[in-house]
Amino acid sequence: MKIDPRLIVAMLFAALSVLGIAGCGNSQIVHSYVDPVFKKLDLDGVLVVAVARKKSARTDFEDAFASALGRRGVRAEVSYELVPSVKAPAEEVIAAAKKAGLDTILVTRYIGKTSEEVYHPGTIYYDIAPAYGAGYYGGFGGYYGRAYEVAYEQPVWTTNVTHTVVSDLYVTETSQHIWQAVSETIQASGTKKLRNDAINSLIGNLKDQGLLN
């Protein structure tokens, strides 16, 4: 029996699709707010703050977020260099931002994760074989196509783990809340990609809101 190469491609594509749903990073903004007055302010510089239990997680996230903002032409500084304490009070963070001449403070928090079971039904792939018709009165004349099964893809369950972070932007001088975005990211291959996917979605929202070039 000869299998049409198109069927092989279709089966491979379907298998890769299932693996992609389970393993690829994917971020989306599920909530966003911006104060219209923010677009009228002449602000310069942002202090990047990551709220995390572990110092290493804080430094990694702040470095990555500050670098991403820097590539957009934003003057961004990490808080762990100016305020080393993990649980520094708000007043200390504000004072550090003022001393550094930073007009805004960007605070990002990890909210948590949720798990969802996703069912992917099996698929049957068919080919067409020639089969001769039902005789003179059959109405088909020569031959008609007879379909037969050539492959079957088993149904599978996958688990999507979604991580949620929320970022808030404040004016240093007045503590005015001027922007917020909530990002949900499906678990990627590792912590680094998960972090970068979340940051990219937040950067994209800042751009969509007209706050970045």
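We did not get these values from a lab; they are worked out from the coordinates using the rules stated. No experiment lies behind these values; they were computed from the predicted model shown. Here the Cβ positions follow ideal geometry from the backbone for every residue, glycine too, while neighbour counts run over all protein chains shown.
For Y33 and Q209, calculate 0.36 nm times their separation in residues minus their Cα-Cα distance, and state this gained length in nm to one decimal.
Contour length minus the Cα-Cα distance gives 62.5 nm.
Taking only Cα atoms of the range 33-87, what ratio of Rg to Rh do you get with Rh as the Kirkwood inverse-distance radius? List each step's numbers first, then the result.
Values: Rg = 12.9 Å, Rh = 12.3 Å.
Result: Rg/Rh = 1.04.
At R0 = 41 Å, how high is the FRET efficiency between V86 and E117 if r is their beta carbon distance? Nearest 0.05 is fine.
The formula returns an efficiency of 0.70 here.
Using the Kirkwood radius built from alpha carbon pairs, what does the Stokes-Einstein equation give as D for the range 54-120 at 20 °C and 1.002 mPa s, in µm² per second? Walk me through the numbers before you get to the answer.
Details: Rh = 13.8 Å.
After rounding, the answer is 155 µm²/s.
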